[in-house]
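Reviewing the structure listed below.
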Amino acid sequence: MAEERKGRRPTRIILVRHGESEGNVDSNTYCRVADSKIRLTEAGITQAKKCGDEIRALIEKDSSGRENPDWRVYFYVSPYQRTLGTLKGIGRAFAKQHILGVREEPRIREQDFGNFQQRERMKVVKDIRSRFGRFFYRFPEGESAADVFDRVTSFLESLWRDIDMNRLNRDIGYKSADLNLVIVSHGVTMRVFLMRWFKWTTEQFELLNNPQNCEVRVMQLGQGGEYSLLVHHTREELVQWGLSPEMIADQEWRKTAIKGQWYDPWPWSATSFFDHFEEEKDDDKCSKNSKSITHTLVSGNNGACHDSSTTCENMQTPLDLIDADTH
């Protein structure tokens with residue numbers, strides 16, 4: 001009985017980016033339509049229906065490729081019109097008896113870029129973001145990817161609680177039913193979700209490419225109960241998405257790892273955080289390295305001037321660029 005009360009972990013967590021939207025076709029749309037109200041194009045509707053067929057073909061088979069009639073799906077969806085439209089298209093592939101539920105979830109909405117966007121101003125702002133870094137740069141009147149990270153973290157805590165308390169699959173058999181979660185969201189949100197789940201660093205986030213419209217990322221349980229992208233996807237796909245060799249090695253480990261095990265090699269090379277392992281032990285050498293580390297921390301290239309030998313007074317700042325563009 002205790003085992004039956006415990007939530008069954010989903011076999012797959014499938015992340016889907018919305019289909020082609022009016023904003024993807026014409027960026028001027030953002031100047032006259034609120035981001036949340038931008039709809040799918042006809043091509044986007046077709047993409048969503050095709051995506052639904054592909055997802056169903058994936059989840060109606062077990063890990064060995066055999067037909068599995070005892071499966072269910074639960075949907076989470078961003079409240080934006082383009083994601084709601086995508087969900088509607090995906091849903092056409094599923095009969096009512098296979099859908100456990102749908103929940104609108106504002107925390108997985110698109111990154112906020114401000115209110116109505118000015119095209120020329122956004123070009124300048126996005127150029128500044130590429131120099132500043134996509135994760136930490138906050139759009140004027142909007143969000144940074146770091147802000148998205150915070151709300152995705154909150155969503156994940158709710159998701160884990162729903163799974164543990166068996167809120168998602170309480171009406172189906174515990175021993176045979178195959179539960180699948182489908183999260184219909186946006187490109188940045190999907191990348192942040194994966195970053196949060198797999199504990200990728202901010203530097204690794206910067207490596208990731210945005211998914212295409214209606215492209216999916218399938219996190220599937222491996223042999224030992226850990227989720228991995230490499231159960232369904234190939235190494236070549238992960239390379240195309242921007243994952244580094246270290247990130248791919250971690251996904252490979254997760255395919256067979258037993259739930260609760262710790263990855264013996266540090267997930268991200270120790271030298272990414274520490275640089276003293278190869279130092280000589282003599283005091284003079286350590287002293288020199290200490291000074292070098294201190295200088296690096298003071299004058300690091302983080303988008304701001306910290307080196308005491310450099311004057312910042314005459315440097316053009318990102319705000320100068322925005323102001324110049326709006327006058």
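The values are calculated or read from the model by the stated rules, or taken from the named source; none is laboratory data. In this text the structure is predicted, and so the values were computed from the model without any measurement. Every residue, glycine as well, gets a Cβ built from its backbone with ideal geometry; the counts of neighbours run over all protein chains shown. What goes into the accessible areas is simple: the full protein's heavy atoms, side chains included, and nothing from ligands, DNA or RNA. Shrake-Rupley method; radii C 1.70, N 1.55, O 1.52, S 1.80 Å.
Quick check, is residue 129 open to solvent by 20 Å² or more (accessible area, probe 1.4 Å) and free of Cβ contacts under 8 Å to residues at least 12 places away in the same chain? When the stated conditions are applied, residue 129 passes them. Among the residues of segment 16-55, the ones that are part of a strand (DSSP E or B) and either modelled with pLDDT under 95 or not hydrophobic (A, V, I, L, M, F, W, C) (or both) come to 2 in all. The lone criterion from (1) in contact with an Asp or Glu (Cβ under 6 Å, 6 or more places away or on another chain); (2) in contact (Cβ under 8 Å) with a residue 60 or more places away in the chain left unmet by residue 259 is number (2). State whether one or more residues within segment 180-197 are surrounded by fewer than 21 Cβ atoms within 10 Å (Cβ to Cβ), out of contact with any Asp or Glu (no Cβ under 6 Å at 6 or more places or on another chain), over 21 Å from residue 18 (Cα atoms) and of a type in the set (D, E, K, R). Taking every residue of segment 180-197 in turn, none turns out to be surrounded by fewer than 21 Cβ atoms within 10 Å (Cβ to Cβ), out of contact with any Asp or Glu (no Cβ under 6 Å at 6 or more places or on another chain), over 21 Å from residue 18 (Cα atoms) and of a type in the set (D, E, K, R). Within segment 72-122, restricting attention to residues that are at pLDDT below 95 and in a helix (DSSP H, G or I), the residue that is nearest to residue 151 (Cα to Cα) is 122. The set of residues from segment 46-68 being closer than 24 Å to residue 162 by Cα and without any contact (Cβ under 8 Å) to a residue 24 or more places away in the chain comprises just one member, 60. For segment 217-232, enumerate the residues that are of a type in the set (A, V, I, L, M) and either surrounded by fewer than 19 Cβ atoms within 10 Å (Cβ to Cβ) or part of a loop (DSSP other than H, G, I, E, B) (or both). Correct list: 229, 230, 231. Go through segment 31-44 and give me each residue that's surrounded by 15 or more Cβ atoms within 10 Å (Cβ to Cβ) and either acidic (Asp, Glu) or under 23 Å from the mean Cα position of the chain (by Cα) (or both). 35, 36, 38, 39, 40, 44 - these are the residues of segment 31-44 that are surrounded by 15 or more Cβ atoms within 10 Å (Cβ to Cβ) and either acidic (Asp, Glu) or under 23 Å from the mean Cα position of the chain (by Cα) (or both). Can we say residue 154 is modelled with pLDDT under 95, among the polar types (S, T, N, Q) and surrounded by fewer than 16 Cβ atoms within 10 Å (Cβ to Cβ)? So residue 154 does not fit the description; no.
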